[in-house]
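Here, each number is a calculation from the coordinates, and none is a lab measurement. Given the structure is predicted, the values throughout are model-derived calculations rather than measurements. Here Cβ is always computed from backbone atoms with ideal geometry, including for glycine, and neighbour counts include all displayed protein chains.
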Amino acid sequence: MKNKKVLILVESAIMLGLAFALSMVKIIQMPWGGSVTLLSMLPIAVVSIRHGLKWGLSVAFLYSLAQFFFAFGRVMAWGLTPTVFVGMVFLDYLLAYTVVGLAGFFRKQGFEGQSLGVVGAITLRFASHFISGIVLWGEYAAYYDWSQNSVPLYSLLYNGAFMFPEIILTTIGAVILLKTPYINRLFSSNSAAD
C-alpha cells in the first residue's frame, strides 16, 4: 500500500512538472494575462482521471501556486490595489487552476465520462476567469471604449479568446489520449478510490 502511494506521488510530481513545462509553450499570449498553451491542463486532468479527485485537486492546487509565483513579478508591476490583488490571486490563479483537478469527477463512466470531466473542468476554469473579468477587470472595458453595460461581453470576449481554444485543444488531446489502447487500459484501471 505504501509503495502504491509513493508511485502515485511520483507520477503526480512528473505530471505537475510536465504541466508547468507545457504552460511555457504559449501559442497565443494575451496582453493582460492569459494564454493558449500546448495542452498544459492535460497532465493535471490525467492525474485526476487516473487517481481520483483528491490527487487531482491536490496537484491542481500546487499547479495554481506555481503559476502564481511564476507570474508574481509581472503581476506586481501592474500596480494593483490590495483588494484587486487578493481577488486576482483567488479567482485568476487559485480557483481557476485548482478546478482543473475536477476532471476526474466522472472518471468511472468510461471514455464519455472522462471526456466530459475534462471539458467540464476546463470550462470551470473559464468561468472563474470570466467572473474575475467582470468583478476585477471591468475597468478595462472603459479603457477600450466599451460601455459599463458591456463589461460581461468584454470579459467573455477577452477570456474566451484564450480559454475557448484552450478548451478545444485540451479536449482534442484528451480524446486522442483516452482513445489510445494502451493509455485507455491505464485509465480503466483507476488506481485510487475517491
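Odds and ends about this structure:
- Choice from Pro82, Pro152, Pro165 with maximal GNM fluctuation in the chain (Cα, 10 Å cutoff): Pro82
- A Förster distance of 25 Å, applied to the separation of the beta-carbon atoms of Val10 and Ile183, puts the FRET efficiency at 0.85.
- Additional length obtainable on full extension of the chain from Phe111 to Phe70, 0.36 nm per residue less Cα span: 11.4 nm
- Debye, to nearest 20: dipole size of the chain, +1 on Lys, Arg Cβ, -1 on Asp, Glu Cβ: 860 debye
- Sequence-separation-based contact order of segment 1-155, relative, with Cα cut under 8 Å and 6+ spacing, percent: 19 percent
- Size descriptor for segment 39-147, Kirkwood hydrodynamic radius: 14.7 Å (Cα pairs only, one decimal).
- Treating each Cα of segment 1-90 as an identical point scatterer and summing with the Debye formula, the log10 of I(q)/I(0) at q = 0.18 Å⁻¹ comes to -0.85.
- Pairs exceeding 28 Å between alpha-carbon atoms, taken from Lys2/Lys26; Lys4/Lys108; Lys5/Lys108; Lys4/Lys26; Lys26/Lys108: Lys2/Lys26; Lys4/Lys26; Lys26/Lys108.
- Comparing Phe130, Pro152, Phe90 along the charge dipole axis of the chain, the residue lying farthest to the positive side is Phe90, per the Cβ-charge model.
- Taking chymotrypsin sites (Phe, Trp or Tyr not before Pro) in DSSP loop conformation with at most 16 other Cβ atoms inside 10 Å as exposed sites, the chain has its longest uninterrupted site-free stretch at 79-143.
- Descending semi-axes in Å of the chain, equivalent ellipsoid built from Cα gyration tensor: 32, 18, 14
- Scaled radius of gyration (Cα, divided by 2.2 N^0.38 Å) that segment 39-88 gives: 1.45
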